[in-house]
Amino acid sequence: NAWAQDGTIKSPYKNIEIPNCTLYEYVWQNLDKWPERTASVCALTGRGYTYEQAFKLSNTFAASLRNKFKLRDGDTVAVMLPNIPDFPLVALGILEAGGVISTINPIYTPHEIQRQLILSEAKAVVTICETANKVKEAIKLAKLNIPIIAVKTNGESVPQGIVSFHELTEDMHVDKSCLKEVRRSIDDICFLPYSSGTTGLPKGVELSSKNLIANCEQINEPFIKCHSDTTGTHQDAVMTVLPLFHIYGASVLMFHKMSQGIKLVTMPKFQPETFFDALEKYKTNILFAAPPLVIMMATHPAGSPEKFQYLETIVNGAAPLSETDAERFFTKSKRKLDFRQGYGLTETSPVVTLTPRGMDNYGCVGYPIPNTNLKIVNNEMKTLGANEKGELLVKGPQVMRGYKDNAAADKETFTEDGWFRTGDLAIADHMGIITISDRLKELIKEKGFQVPPAELEAVLREHPDVNEAAVIGVPHPTKGESPKAFIVLKSNANTSAKEISEFVEKKVAPYKRIDEITFIDSIPKSSAGKILRRELKDKFC
Ligand code: AYL
C-alpha cells in the first residue's frame, strides 16, 4: 500500500539512516579499503589519480585555499571545469577547507559567469588554462577582485596573473595546521549549483552535506542501486561524460561513486568515436546518460555491440526518454542491459525517483526512493489520487534548504506545510509508480540542460530595438526542446530576426541560442503581468 490516507505516496523501500558527518568525511570514509584503486582517469589522455593520490593532493589544495587565499568556513569557491580527472580533487579540496562549491558550465559566456560570481559571492575561481581569460573577463565585468586558479590539462603554461593548481597541490611545505580550524557540520551548505526552479532567473540552490549524503545513501538501497558490491576485488568503472558541474554529475557520478571506490572515466569533450572507444578500453560497466546520449548511441555508426560489451547498467535521467529510443538502443547493442530511469531536480540533490532493477517500463520513472514522500496536487493544491494528473510535490532529506538570499522564491517553491513544488506534472498509479507527463513550470530543457526563458527574455530586452519579449520551449527531434522567442519591436525599429539571434548568441552559452523568432504585436499577459506562455504555445506552435 503505497498510498497513505491523506494521499501521500510513500516509498516502498526501508528507511535509511543518514550518517552524521560532512560530505567530505562521507566521501572519504572508506579510503583505507581502496587507496590503490584508480579514482579518476581521463579517457583521452590516460592522466589520472589513485584514491590515495586524490586524497593527498586535495588535502594540500585545501590547506593552500586557507593559507594563501584566506578561505574561511562557508566561503564560496566557483568551479568552472570540464570533466577532467582533477575535478574531484578540486571539489573535495574546497569541502575540506570548509568552503562551498559553486559549479559553472565552462561554455558559459563572461556575461553568464559574472552573474553567478556575484550572486554566489565567490572568493576564488578554479578553471582550466584554456578558459582562464574568459573568467578574467567575467571578474572584470563583475567588478570583483578575486584570484583565479587554473588546472593544466595538457602541459600548457599557466597564463599570467593566474595561479597554477598543480603548483598548489605539489607544495610540500604548505602548513596544514590551518585545516584543524575548519568547523563544518552536516547541516551546513556545501554545494551551491544554480537553477531557475519553477520561474525566473537562475538562483543558488543551497544543498547541505545532509542533502547530498542522504541522496548517496538513498541510491544505495539494494533494489535500486546501479553499481555492484565494491568491497571485494572488483572495481566498477563509470563513464563520466555527463557534466560534473551539473547536479546529476556532481552528486550521482562524483560524490556517490567516490564514496563507493568506483573508477570515474572522465571525458572533457564529447566526441562519439572517443566515447565508444573509451567504453570498451576502460571496460566501463555503468553509464549515466541523458536522452540525447542514448539516442546517439542507438544511431551513431561508430557504436557496436563490441563497444558496448562491458556495459551492464544504463541510467537515463534529466529529461524523458521514449520507449522507442530505449528499444532502439537494445537492438543496436544486441543485448538487453539493466536499464533504469531516474527523475529529480537540482533542488533535490537530485534523485527523487528511480526505477528498480528489472522494471521494464521505460515510460515511467519508478518509485520514490527511501525516506521520500510524494504528493500530487491540482492547481488549487488539492491532493489527488491514483491515476490523476497534477503537480508533483516532494518531501525528503534530499530537498534543498532553499534558494540563496531569495525568500520570495522560497515562498513560491515550498507549500505552507513544507512540501517542495517540482513544477512537473506527474501521475502515480495504484502501486505508487510515477510517470512524468509534462512540465508545468516555464523552464525549457535543451539536451537536459536548463534554458530559463526569463534569462533569455532579459537578454532580448537589452537589445535597443526590442520592446517586449517572451520565450517558450518547442519540441525538437534531437535536443528534446529548443527555445523560440516572440518579440514586440519598438515602433521605429530597424532590425531582423537574424540580427537579434546574433545579439543573443554573444551573451549566452550555445545551448541557449535562439534560432526561431516570431515578431508579434503584443505579448499575452495575465492581469498581474505574467506572460501567458500557454497561450503563445497554443496559438503559434
Ligand atoms: P535539473 N523525465 C522527465 N523529466 C525529467 C526527468 C525524467 N527522468 N528528470 C528530470 N527531468 C526534468 O534541475 C524535470 O522537468 O535537474 C525536472 O523538474 O537540471 C527538471 O528536469 C530538473 O532539471 C537522476 C538523474 C535526476 C538525473 C536527474 C536530473 C536532475 C536534473 C535524477 O537519477
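Looking at the range 212-244, which of the residues that are among the polar types (S, T, N, Q) and open to solvent by 10 Å² or more (accessible area, probe 1.4 Å) is farthest from the ligand (Cβ to nearest atom)? For the range 212-244, the residue satisfying everything is THR233.
Within the group GLU36, GLU52, which residue is within 26 Å of TYR282 (Cα to Cα), part of a helix (DSSP H, G or I), free of Cβ contacts under 8 Å to residues at least 40 places away in the same chain and open to solvent by 40 Å² or more (accessible area, probe 1.4 Å)? If you could, list the steps in order and put the result at the bottom.
Numbers: GLU36 fails: part of a helix (DSSP H, G or I).
Just a single option satisfies the conditions, and that option is GLU52.
Filtering the range 163-178 to residues that are open to solvent by 20 Å² or more (accessible area, probe 1.4 Å) and under 29 Å from the mean Cα position of the chain (by Cα) leaves VAL163, HIS166. Could you please give the count of residues in the range 131-144 that are more than 25 Å from the chain's Cα centre (by Cα) and within 13 Å of GLU121 (Cβ to Cβ)? Residues that pass the stated criteria total 1. Only residues that are without any contact (Cβ under 8 Å) to a residue 40 or more places away in the chain and basic (Lys, Arg) were counted in the range 499-518, giving 1.
Residue check: ILE376 meets all listed conditions (1) surrounded by fewer than 15 Cβ atoms within 10 Å (Cβ to Cβ); (2) not in a loop (DSSP other than H, G, I, E, B) but one, namely (1). One residue alone among PHE275, PHE308, PHE255, PHE270 is surrounded by fewer than 19 Cβ atoms within 10 Å (Cβ to Cβ) and more than 12 Å from the ligand (Cβ to nearest atom), and that residue is PHE270. Within the range 404-436, being basic (Lys, Arg) and either under 18 Å from THR355 (Cα atoms) or within 16 Å of the ligand (Cβ to nearest atom) (or both) holds for LYS404, ARG421.
Residue pairs whose Cβ atoms lie under 9 Å apart, separated by 6 or more positions or on different chains, with the first residue in the range 431-450 and more than 13 Å from TYR343 (Cβ to Cβ) and assigned to a strand (DSSP E or B) and the second open to solvent by 30 Å² or more (accessible area, probe 1.4 Å) and within 7 Å of the ligand (Cβ to nearest atom), are ILE444/GLN450; PHE449/HIS246; PHE449/ALA318; GLN450/HIS246.
Of the residues in the range 104-122, not one is among the hydroxyl-bearing types (Ser, Thr, Tyr), surrounded by 24 or more Cβ atoms within 10 Å (Cβ to Cβ) and closer than 17 Å to PHE191 by Cα.
If you go through the range 316-359 and keep only what is under 30 Å from ILE189 (Cβ atoms) and near the ligand (Cβ under 6 Å from one of its atoms), you end up with GLY317, ALA318, ALA319, GLN341, GLY342, TYR343, GLY344, LEU345, THR346, PRO350, VAL351, LEU354.
Of the set (1) under 16 Å from ILE434 (Cα atoms); (2) more than 8 Å from the ligand (Cβ to nearest atom), all apply to VAL365 but (2).
Yes or no, residue by residue, for (1) under 27 Å from the mean Cα position of the chain (by Cα); (2) assigned to a loop (DSSP other than H, G, I, E, B); (3) small (Gly, Ala, Ser):
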position	(1), (2), (3)
GLU481	yes, no, no
LYS484	yes, no, no
ASN494	no, yes, no
VAL504	yes, no, no
ILE517	no, no, no
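Is it the case that some residue within the range 84-101 is in a strand (DSSP E or B), crowded, with 24+ Cβ neighbours inside 10 Å and touching a strand residue (DSSP E or B) at 6+ places or on another chain (Cβ under 8 Å)? Talk me through it step by step, then tell me what you get.
Pass one, the range 84-101, residues in a strand (DSSP E or B): 100-101.
Keeping just the survivors that are crowded, with 24+ Cβ neighbours inside 10 Å gives 100-101.
Now restrict to residues that are touching a strand residue (DSSP E or B) at 6+ places or on another chain (Cβ under 8 Å): 100-101.
Yes, the range 84-101 contains at least one residue that is in a strand (DSSP E or B), crowded, with 24+ Cβ neighbours inside 10 Å and touching a strand residue (DSSP E or B) at 6+ places or on another chain (Cβ under 8 Å).
For first residues located in the range 321-349 and closer than 17 Å to TYR310 by Cα and part of a loop (DSSP other than H, G, I, E, B), partners that are away from the ligand (no atom under 14 Å from the Cβ) and not charged (D, E, K, R) and lie 6+ apart or on another chain with Cβ distances below 7 Å form the pairs LYS334/PRO305; ARG335/PRO305; LYS336/PHE330; LEU337/LEU311. Within the range 485-505, the residues that satisfy the criterion of being surrounded by 11 or more Cβ atoms within 10 Å (Cβ to Cβ), out of contact with any Phe, Trp or Tyr (no Cβ under 8 Å at 6 or more places or on another chain) and not aliphatic (A, V, I, L, M) are LYS490, THR495, SER496, GLU499, SER501, GLU502, PHE503, GLU505.
Scanning the range 55-83 for residues that are small (Gly, Ala, Ser) and open to solvent by 10 Å² or more (accessible area, probe 1.4 Å) gives a single hit, GLY74.
ILE18 meets the stated requirement of being over 21 Å from PRO106 (Cα atoms), assigned to a loop (DSSP other than H, G, I, E, B) and at pLDDT 95 or above.
The values are calculated or read from the model by the stated rules, or taken from the named source; none is laboratory data. All values reported here derive from a predicted model rather than from experimental measurement. Here Cβ is always computed from backbone atoms with ideal geometry, including for glycine, and neighbour counts include all displayed protein chains. The protein model used for the area step is the full one, side chains on, heavy atoms only, and it has no ligands, DNA or RNA in it. Shrake-Rupley method; radii C 1.70, N 1.55, O 1.52, S 1.80 Å.
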